[in-house]
Amino acid sequence: MNRRNFVNTLGIGMGGLSVFPNVYASPFEPPQKKLGIALVGLGYYSEFKLAPALLETKYCKLTGIVTGTPEKEEKWAKKYNIPSKNIYTYETYDQIADNPDIDVVYIVLPNGMHAEYTVRGAQAGKHVICEKPMANSVAECEEMIAACKAAGKQLAIGYRLHYEPHTREIIRLGQEQVFGPVKLIEAGFGFKIGDPTQWRLNKKLAGGGPMMDVGVYVIQGTRYVTGEEPIAVTARSWVTDPVKFHDVEETTLWDMEFPSGAVASCTTTYATNTERLRVNAEKGWFELSPAFSYGPIKGRTSKEAFAFPHTNHQAVHMDGVCKSIMDGEPNIVPGEEGLRDMKVIEAIYKSAETGKRVTL
Ligand code: NDP
């Protein structure tokens, strides 16, 4: 399948994901003006993924930063040519309301800070992209959605894979039932975590352990392949190193049941590296492995290997969201999508705690 066929195929029958981002449309017409993005929180993901990707994007560019670390201000200003009037601290953040160079704030802070900075961004009259997991609770997600709605601004979650070709194809294979109805999904995402003092091991800042960090990709995978919402989950969690994991879980295994009868067997962990999304359908199988990290992602079916190009995940994600904003159309990774995952996460934690199957 060549690129154009692939793009054409994607337009059909994807349920909740039917709007294929036009950033792939050909012939490509660059926009008149790029949207200005301010990155909020200049840690790993901002420094090594988002800022470099913003040098490649066609619909947006880096115009501002928000940081609590004074030493980063000069370094970023120099490297990305950011004027001092576009540099904010967490205390001066709300003044971004008066800055026409900034159309979108991109929240790249620890999870426990997502809700506050999304709400303040919306109240400052900016569109918001917020990293995954959307927040620490369903209640926070609802508050964020309401704030963006009240401000008349878009809210998009950092679900970069919805714009990624291999992922788009596995969504098509699942939702169009190319190999018949999906029966069994086996999926996992985890890595061996290092520094025991980092915020990812602090419940207030992280919301939980690997479930909040990378388990959310596994939930996403099962939901976008089936195009269904789970009706029940059953989960168990473990800690083998209580010194390191005194605040959050280390490993969780869980099952998900879907209305069609499909079931998913899922894993997330901070104890070892694992990453795959394997889908067994009635007449064949298809899988991504690696499935969720920055790529290159690899895919194959029981018939053939995928032959899609590697894309810069962060660039296609930000371009896709910003094109939607420019066109005045909903984006394909809205706050409601983050909220659905958070509902599943809360059910998984409840099941792990009670030892009981939890219905949704
Ligand atoms: P880092 O720890 O590398 O960076 C977080 C930054 O947040 C810090 O550098 C700091 O920036 C700021 N910050 C403000 N308050 C605190 C605090 N109390 N503790 C720690 N940092 C603070 O995290 P990541 O960049 O890896 O992750 C940030 C977010 O992005 C998370 O929600 C994560 O889940 C998400 N993420 C998403 C990825 C994806 O593929 N979509 C990949 C990686 C992360 P400053 O010094 O500028 O104030």
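Which of rounded, prolate or oblate describes segment 255-360 when judged by the alpha-carbon gyration tensor and an a/c cut-off of 1.5?
Oblate, because a/c is 1.5 or more while a/b does not exceed b/c.
Binning at 10 angstrom from zero up to the longest distance, how are the C-alpha pair distances of segment 42-119 distributed in percent?
Cα pair-distance distribution for segment 42-119, in percent: 17, 56, 27, 0.
Charges at C-beta only: +1 for Lys and Arg, -1 for Asp and Glu. How large is the resulting dipole of segment 207-292 about its Cα centre, in Debye rounded to 20?
200
When the Cα centres of segment 254-280 and segment 72-94 are compared, how far apart do they sit, in Å?
If you average the Cα positions of each part, the centres end up 41 Å apart.
When a footprinting reagent is the concern and you count Cβ atoms within 10 Å, what order do H246, H317, H162 take, fewest first?
Result, fewest neighbours first: H246, H162, H317.
So which of K33/K323; K149/K343; K79/K204; K126/K323; K203/K343 end up more than 22 Å apart by C-alpha?
K79/K204
What distance in nm lies between label points placed 7 Å from Cα along the C-beta direction at V243 and E143?
My value for the distance between the label points is 3.6 nm.
Work out how much length E91 to I231 would gain on full extension: take 0.36 nm times their residue separation and subtract the Cα-Cα distance, in nm to one decimal.
46.2 nm
If you build a Gaussian network model of the chain, linking Cα atoms that sit under 10 Å apart, which residue out of D241, D341, D103 swings the most?
Of D241, D341, D103, the Gaussian network model singles out D241 as fluctuating most.
Specify the inter-centroid distance of segment 301-333 and segment 177-216, based on alpha-carbon positions, in whole Å.
Each part reduced to its Cα centre gives a spacing of 22 Å.
Could you point to the residue in A264, M342, N312 farthest towards the positive end of the chain's charge dipole, with +1 and -1 charges on the Cβ of Lys/Arg and Asp/Glu respectively?
N312
Treat the count of other C-beta atoms within 10 Å as a stand-in for reagent exposure and order H310, H127 from fewest to most.
H310, H127
Report the gain in length on full extension from T274 to L205: 0.36 nm times residue separation, minus Cα-Cα distance, nm rounded to one decimal.
22.4 nm
DSSP loop (so not H, G, I, E, B), at most 10 other Cβ within 10 Å: list which trypsin sites (Lys or Arg not before Pro) in segment 296-349 pass both filters.
K303
Given F286, I325, V128, which one lies farthest toward the positive end of the charge dipole of the chain, if we put +1 on the Cβ of every Lys and Arg and -1 on the Cβ of every Asp and Glu?
F286
Find how many whole Å separate the alpha carbon centroid of segment 118-138 from the alpha carbon centroid of segment 34-50.
14
What FRET efficiency, computed as 1/(1 + (r/R0)^6) with R0 = 22 Å and r the Cβ-Cβ distance, is obtained for N81 and Y294, rounded to the nearest 0.05?
0.30
Taking other Cβ within 10 Å of each residue's Cβ, how do M212, M256 sort, fewest first?
By the 10 Å Cβ count, ascending: M212, M256.
Past the 18 angstrom mark, what percentage of all C-alpha to C-alpha distances in segment 106-263 do you count?
Counting pairs separated by more than 18 Å, the tail of P(r) holds 65 percent.
Given 0.36 nm per residue, what is the gain on full extension from L253 to E47 after removing their alpha carbon distance, in nm?
Contour length minus Cα-Cα distance gives 70.9 nm.
Only bridges with both residues in the chain count here: give the DSSP antiparallel percent, nearest 5.
Here the share of antiparallel DSSP bridges comes out near 55 percent.
What is the magnitude of the charge dipole of the chain about its Cα centre, with +1 placed on the Cβ of each Lys and Arg, -1 on the Cβ of each Asp and Glu, and no other charges, expressed in debye to the nearest 20?
Its charge dipole is roughly 740 debye.
On average, how much area does the Cα convex hull of the chain cover when viewed from any direction, in nm²?
Spelled out: convex hull of the Cα atoms, projected over all directions, averaged, 17.4 nm².
Each value in this text was obtained by applying a stated rule to the coordinates, not by laboratory testing. Owing to the predicted nature of the structure, the values given are computational and were not obtained by experimental measurement. So basically every Cβ, Gly included, is an ideal-geometry build from the backbone, and we count neighbours across all protein chains shown.
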